[in-house]
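**Q** Submitted below is the structure of interest, expressed as structure tokens.
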Amino acid sequence: MAVASNPTLASVLPAACLASLPVEVPVGDLFDTLVLPEPQARQALARLAHHRPHPVGAALARPGEWVLFLPPGSGFETDWPTPAVHRDSGMLQVPPVLAPADGHLRWVRLGNAGRTGRAFTAPMMLHPVLPLLRVAECPVPDFQMPVRI
């Protein structure tokens, strides 16, 4: 099934628009995904906020991470930098669009202008921003701490 050039969430995920419970949808035919830790996803949205229309489309939140929807084929000859994880296959559980969120799986964006906006994030706008995002630094384990004698 072909996707329109500026698809809405309803055209990409019709099952989620009609569901009352989360549904499993295949990744790769109609869309790819990019998974980011939540802090970096929020930073990316903030860095791109001055663009109109906003280049970030639909996004759902799972504990600690956000899943952004990309056009199919967005991984072709593209090296997505860490901490981003690109997927172009597999299954994705998505929450219903019109039902209340259950807390573990919820929509944070329904498109770049709500349900009627573009579902896909613009890969060419997002990709250059990712290396600029701050990744939380992990504390150094005690056994690696220098010791003064």
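**Q** Counting Lys and Arg as +1 and Asp and Glu as -1, what is the net charge of the other residues whose Cβ lies under 14 Å from the Cβ of GLY73? Intermediate results must be reported in sequence, preceding the final value.
**A** Numbers: positive: ARG87; negative: ASP29, ASP32, GLU77, ASP88.
My count for the surroundings of GLY73 gives -3.
**Q** Amide H neighbours of GLU65 under 5 Å, counting only residues 5+ apart in sequence or on other chains, H built in-plane at 1.01 Å?
**A** GLU38
**Q** Would you pull out the residues with amide H under 5 Å of LEU92's amide H, same chain only if 5 or more places away, H placed 1.01 Å from N?
**A** Sorted by chain and number, the residues that satisfy this are VAL25, VAL27.
**Q** I want to verify the translational diffusion coefficient of the stretch 53-123 in µm²/s; compute it with Stokes-Einstein, Rh as the Kirkwood radius over Cα pairs, at 37 °C and 0.692 mPa s. Intermediate results must be reported in sequence, preceding the final value.
**A** Working: Rh = 13.0 Å.
The diffusion coefficient I find is 252 µm²/s.
**Q** Near the amide H of VAL108, under 5 Å away, which other amide H atoms are found, from residues 5 or more places off or on another chain, if H is placed in the peptide plane?
**A** Answer set, sorted by chain and number: ALA59, LEU60, ALA61.
We did not get these values from a lab; they are worked out from the coordinates using the rules stated. What you are looking at is a predicted structure, and each value in this text was computed from that prediction instead of being measured. Here Cβ is always computed from backbone atoms with ideal geometry, including for glycine, and neighbour counts include all displayed protein chains.
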